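Coordinate-derived values only; no laboratory data. Predicted model, so just to flag it, every value in this text is computed and none were measured. All Cβ positions, glycine included, derive from the backbone under ideal geometry; neighbour counts span all protein chains shown.
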Amino acid sequence: MAAKGRVAFDRENCKGCSICVSVCPTKIISLDEGDMNSWGYYPATVKEMDKCIGCANCAVMCPDLVITVERFKEEKKEK
Ligand code: SF4
Ligand code: SF4
């Protein structure tokens, strides 16, 4: 299935609070425990971006405006 959206994280400003992890309906957000930011937090990341539905729950709930969501337009089917 083609991705319906894509998210980007401002890793340096993420405090690893996991709110976005808990509100993502497709459960594709996790904390990147292999790559700490300079504040000492493990920032949120998405590993299976093709499963993003572009709902923007994550961006709406993030208290620090760390997440940007791009929603793809659906292609119209030719008759
Ligand atoms: S836009 Fe929706 S599906 Fe995509 S990562 Fe955020 S909460 Fe999950
Ligand atoms: S809600 Fe925002 S600050 Fe919290 S882990 Fe997710 S991206 Fe980071």
Just tell me the longest site-free run in the chain, where the sites are GluC sites (Glu not before Pro) in a DSSP loop having at most 11 other beta-carbon atoms within 10 Å.
34-73
Cα centre as origin, Lys/Arg/Asp/Glu Cβ charges: the chain dipole, Debye:
460 debye
The chain - mean residue ellipticity at 222 nm from DSSP helices (-39,500 (n - 2.57) per run, n ≥ 4, rounded to 500):
-2500 deg cm²/dmol
In which sequence would C55, C20 go, from the one with the fewest C-beta neighbours within 10 Å to the one with the most?
C55, C20
Which log10 I(q)/I(0) values, to two decimals, does the stretch 5-71 give at q = 0.16, 0.28 Å⁻¹ under the Debye formula with one point per Cα?
-0.44, -1.34
What distance in nm lies between label points placed 7 Å from Cα along the C-beta direction at D50 and E12?
3.3 nm
When only DSSP loop residues count, what trypsin sites (Lys or Arg not before Pro) in the stretch 25-77 have their Cβ near at most 14 other Cβ atoms within 10 Å?
K27, K47, K73, K76, K77
Please report the relative contact order for the stretch 5-71, taking Cα pairs under 8 Å with a sequence separation of at least 6, and give it as a percent rounded to a whole number.
46 percent
R0 of 35 Å, Cβ-Cβ distance S38-E74: FRET efficiency to nearest 0.05
0.35
Order of I28, I53 - criterion: other Cβ atoms within 10 Å of each residue's Cβ, fewest first
I53, I28
Could you give the length gained on full extension between K4 and V21, defined as 0.36 nm per residue of separation minus the Cα-Cα distance, in nm?
4.3 nm
Using DSSP to define loop residues, name the chymotrypsin sites (Phe, Trp or Tyr not before Pro) in the chain whose beta-carbon has at most 16 other beta-carbon atoms within 10 Å.
W39, F72
Positive-end extreme of charge dipole, the chain - chosen from S22, P43, N57 (charges on Cβ):
N57
